1. Given the options VAL33, VAL13, VAL151, which has the most mean-square fluctuation in a GNM of the chain, springs set between C-alpha atoms less than 10 angstrom apart?
2. For LYS222, list the aspartates and glutamates whose Cα falls under 15 Å from its own Cα; do not include residues on the same chain fewer than 8 positions away.
3. Just subtract the alpha-carbon distance of VAL106 and SER187 from 0.36 nm times their residue separation and send over the number in nm, one decimal.
4. Report which label in (i) -0.47, -0.58, -1.09, -1.25; (ii) -0.52, -0.58, -0.90, -1.17; (iii) -0.35, -0.44, -0.91, -1.27 holds the value of log10 I(q)/I(0) by the Debye sum over Cα atoms at q = 0.08, 0.09, 0.14, 0.18 Å⁻¹ derived from the coordinates of this structure.
5. With a 10 Å radius around each residue's Cβ, average the other Cβ atoms per peptide and rank 85-91, 134-140, highest first.
6. Give the relative contact order (percent, whole number) for segment 122-231; include only Cα pairs under 8 Å separated by 6+ residues.
7. Given the options ARG214, ARG191, ARG164, state which has the largest fluctuation in a GNM of the chain using a 10 Å cut-off (strictly under) for Cα springs.
8. Under a point spin-label approximation (7 Å from Cα along Cα-to-Cβ), what is the ASP32-ALA44 distance to one decimal in nm?
Amino acid sequence: MMARTPDITVPEVVTYDGLPGGAHSLRAKRPDVAFQRLHTFLEACVEPVRLPSWTFEIHKGGPPAPTEQLFELATGIFGGPRLKAQTHTEWNVPPGSVNDALGVLVRSDAVTTYGHSLAALTYSAPVRLIDLDTRVPFPDITPDMFGGFAVDGYGRTLGESGIRATLGNAASSLSLWLNLPADERLSSGARHLQDHLPFRLSAKHWRLWRPTRRGDSYRSNKIPSPVSDHG
């Protein structure tokens, strides 16, 4: 008896794009509260592809005395800065020093530069989304499944999600690049994400990606939000 030839499915993926231009507010003035909201989302919804990066930034233009104090604290905890730019100074934060960095932000609460955060702790990581039913990442949503297709020149690829959170001493935000399966798992997967976020995912930022006829590229079109208002 001949073995059955497996069905060949055309790989498709649905993305949500809420990156810097459309970053979402974490709806918390205190950075420690924003940190807890970020932690809740990360624990429930994603698995890092590799270790995340943490950086601490102090922006220029703030009150001189608090700014100098922040510089002294940051240098004492993290050592010399990794970057000095015209707009800000930046330090790498080892994973074991994240709580120390958060403590610095809390102590500098409400110190701003032109109404914006004077200091910020930034988290950045490529991740894979977790399937609510299996509690592991979706096995078929990986860059290899989509030929490593580059969406843009900023390193985003189909099949790999990315998160960037900025925890500021005046306001905090979360940028999202999410990749979900374009099948019956989409609705529950999107709802799982929504249930663990303190803001509503935009209805305008969802796209379905399909291979071109030649199969060597992908094109996309906007789709309605898969997050049910009644789910």
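Each reported figure results from applying straightforward, stated rules to the coordinates on display, with no laboratory input. What you see is a predicted model, and the numbers here were worked out from it, not measured in a lab. Please note: Cβ atoms are built from the backbone with ideal geometry, for glycine as well, and neighbour counts cover all protein chains shown.
1. Highest fluctuation of the listed residues: VAL151.
2. Straight-line reach from LYS222, under 15 Å: GLU12, ASP17.
3. In short, 25.4 nm is gained.
4. Computed from the coordinates, log10 I(q)/I(0) by the Debye sum over Cα atoms at q = 0.08, 0.09, 0.14, 0.18 Å⁻¹ corresponds to (iii).
5. Descending packing order for the listed peptides: 85-91, 134-140.
6. 21 percent
7. The residue with the greatest mean-square fluctuation here is ARG214.
8. That separation, rounded to one decimal, is 2.2 nm.
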